[in-house]
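Encoded as structure tokens, the structure appears first; notes follow it.
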Amino acid sequence: MTDNRDAVGVIGVGWVGLVTATCFADLGHQVVAMDINEAKIESLRSGRSTIHEPGIDELLARNAERLTFTTSMDEVLGRARLLFCCVDTPPTYSGDADLSRVRAVVQALPDDSEHALVMKSTVPAGTGRAIKRDRKGLAYVSCPEFLKEGTAIHDFMNPDRVVIGADPGSEWAADAVEALYRPLGGELVRTDVASAEMIKLASNAFLATKISFINEIANVCEETGADVMEVARGMGLDKRIGPAFLRAGIGYGGSCFPKDVSALKMLAGNTGYHFQLLNAVIEVNELQKRRVVAKLEKHLGSLADRRIALLGLAFKPNTDDMREASSLVLAARLEGEGAKVAAYDPIAQDAARDLLPTVEMSGSAEEAAAGAAAVVLVTEWPEFLQLDWAALRERMSTPLVVDGRNFLDPQTIKAAGFTYEGIGRPGANGTG
Ligand code: UGA
């Protein structure tokens, strides 16, 4: 390619976009990243990250000279041929993926053969084909992202596989994307656009299915006296099953699983196919968040006017992301039963405040637990392992811990004088 536009273009600097931009810069590439949000670009220009992600500040600082942040699409088009589209695709009211931001990006691109749109945003299968109908000249590559929040940089730099989907006419762009990713060493899956799009949706739906499956097993364990942690360990050693994503808890959340499972279900439904399994996956996840209420009531009776302390609010640790966090449903259900909810999260409290205006945000776990009838561990932040549980119990009106992530050591908690309830662990029926 004899072209001076050898920078990597990134459009949309949310989680995926910022990680993509900073990681490509760290691999030695010039990167020009644009976003329509001026405040975000200002912050990034001054080296301040707009997301909470371990390692991102260091990447920004280390690669400042290779990173350009801009609000100008012309600047990106002038410097880059490959344009990584990283805008978000939130769910619509109907459960379909909202592609308005993707469409806005496409509208802003010239219909030329100089540029290639590389789709990182998660889009329904068929999106690439629809975009190509509008922009016949533009090359198009589907390159779905598989990184996880909280370990995003590690995941980007150490991919299990890199999926690159392109149709005839766009091979030059697929080759260029492959060249960018080859140094990372993951298995390269070259395929067509529709299959690449489906690999992403099917992967997330399968992982969500694994979680709902183990959550149902946990619920059955509670009835039979088995321990889901032991069951998951024994199952996971079978290489065909694998140990990952078999942690029972109070359900999956975040910006991806709930949205992508629903989008795949709707995508199937729109073609006339009823994806029955995904209905169950979604329903199990919804009920799982609510089961905590029954666990509390079993020990406390009515929750009216009882103070319940939530430890953790984010959808998982090492992030301040509150999107579809299980804590949102749980807090609302507890308040629905008349409980007074207090909460502490080391990082997500600011993000949570507007979403949970009636929840008392506490400055520490101890403050949240003061006068509480129960503590519910919602997010497995490592610092909760270090808590002085005996001291915490002294502050509470009833010594009850519901461990929504099976994170705490039941013996330690019981030794501190608590009644311990996990998810699918012995003791759940008052036997331990
Ligand atoms: C998920 C996928 O894991 C990524 O591969 C994908 O790239 C990303 O979605 C996306 O599509 O952008 P993420 O949402 O960041 O990543 O978080 P996960 O670590 O997968 O956790 C999702 C939720 O599942 C969390 O609420 C977590 O607590 C829950 N979970 C996870 C369980 O309840 N049990 C498990 O065993 C694993």
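The values are calculated or read from the model by the stated rules, or taken from the named source; none is laboratory data. What you see is a predicted model, and the numbers here were worked out from it, not measured in a lab. Backbone-built Cβ (ideal geometry, glycine too); neighbour counts: all protein chains shown.
Which of the helices (runs of 4 or more DSSP H) found entirely inside segment 284-387 contain at least 3 residues meeting this: modelled with pLDDT of 95 or more and in contact with a helix residue (DSSP H, G or I) (Cβ under 9 Å, 6 or more places away or on another chain)?
On the way: elements: 326-336, 349-353, 365-369.
Output list reads 326-336, 365-369.
So, of the residues in segment 67-91 that are of a type outside the set (A, V, I, L, M, F, W, C) and surrounded by 15 or more Cβ atoms within 10 Å (Cβ to Cβ), which turns out to be farthest from TYR181 (Cα to Cα)?
Step one: filter segment 67-91 for residues of a type outside the set (A, V, I, L, M, F, W, C), giving 68, 70-72, 74-75, 78-79, 81, 88-91.
Remaining after also requiring surrounded by 15 or more Cβ atoms within 10 Å (Cβ to Cβ): 68, 70, 75, 79, 81, 88-89, 91.
Working: THR68: 20, THR70: 24, GLU75: 24, ARG79: 20, ARG81: 16, ASP88: 22, THR89: 24, PRO91: 29 Å.
Going through the qualifying residues, I end up with PRO91.
Counting just the residues of segment 267-310 that are farther than 18 Å from MET396 by Cβ and basic (Lys, Arg), which one comes out farthest from the chain's Cα centre (by Cα)?
Restricting to residues being farther than 18 Å from MET396 by Cβ and basic (Lys, Arg), the top hit is ARG291.
So LEU408 clears everything in (1) free of Cβ contacts under 8 Å to residues at least 40 places away in the same chain; (2) over 25 Å from the mean Cα position of the chain (by Cα) except one condition, right? Which one?
(2)
Can you tell me which residue in segment 121-163 is farthest from the ligand (Cβ to nearest atom), limited to those that are out of contact with any helix residue (DSSP H, G or I) (no Cβ under 9 Å at 6 or more places or on another chain) and of a type outside the set (D, E, K, R)?
So the residue we want is GLY137.
Go through segment 291-315 and give me each residue that's buried (at least 23 other Cβ atoms within 10 Å of the Cβ) and either within 30 Å of LEU147 (Cβ to Cβ) or touching a Ser or Thr at 6+ places or on another chain (Cβ under 7 Å) (or both).
Once the filter is applied, which keeps residues that are buried (at least 23 other Cβ atoms within 10 Å of the Cβ) and either within 30 Å of LEU147 (Cβ to Cβ) or touching a Ser or Thr at 6+ places or on another chain (Cβ under 7 Å) (or both), segment 291-315 yields VAL292, LEU310, LEU311, GLY312, LEU313, ALA314, PHE315.
Scan segment 214-226 and tell me whether some residue there is within 10 Å of the ligand (Cβ to nearest atom), under 25 Å from the mean Cα position of the chain (by Cα) and at pLDDT 95 or above. Can you show your working first?
Filtering segment 214-226 for residues within 10 Å of the ligand (Cβ to nearest atom) gives 214-215.
Subsequent filtering for residues that are under 25 Å from the mean Cα position of the chain (by Cα) retains 214-215.
If we keep only those that are at pLDDT 95 or above as well, we get 214-215.
Within segment 214-226, one or more residues are within 10 Å of the ligand (Cβ to nearest atom), under 25 Å from the mean Cα position of the chain (by Cα) and at pLDDT 95 or above.
For ALA263, all conditions in the list (1) modelled with pLDDT of 95 or more; (2) under 26 Å from GLU286 (Cβ atoms) hold save one; what is the number of the exception?
(1)
So the check is Cβ under 7 Å with 6+ separation or different chains; which pairs have a first residue in segment 44-61 that's assigned by TED's automatic domain parsing to the domain that holds HIS154 and a second one that's in a loop (DSSP other than H, G, I, E, B) and loosely packed, with under 14 Cβ neighbours inside 10 Å?
Filtered contacts from segment 44-61: LEU60/GLY47; ALA61/GLY47.
Looking at the structure I just gave you, is ARG247 surrounded by fewer than 22 Cβ atoms within 10 Å (Cβ to Cβ) and in contact (Cβ under 8 Å) with a residue 12 or more places away in the chain? Give the derivation first.
Numbers: surrounded by fewer than 22 Cβ atoms within 10 Å (Cβ to Cβ): yes; in contact (Cβ under 8 Å) with a residue 12 or more places away in the chain: yes.
So ARG247 fits the description; yes.
With out of contact with any Ser or Thr (no Cβ under 9 Å at 6 or more places or on another chain), surrounded by 20 or more Cβ atoms within 10 Å (Cβ to Cβ) and not assigned by TED's automatic domain parsing to the domain that holds ASP350 as the only criterion, which of ALA108, ALA25, ALA64 stands out? Can you show your working first?
Working: ALA108 fails: surrounded by 20 or more Cβ atoms within 10 Å (Cβ to Cβ); ALA64 fails: surrounded by 20 or more Cβ atoms within 10 Å (Cβ to Cβ).
Among ALA108, ALA25, ALA64, only ALA25 is out of contact with any Ser or Thr (no Cβ under 9 Å at 6 or more places or on another chain), surrounded by 20 or more Cβ atoms within 10 Å (Cβ to Cβ) and not assigned by TED's automatic domain parsing to the domain that holds ASP350.
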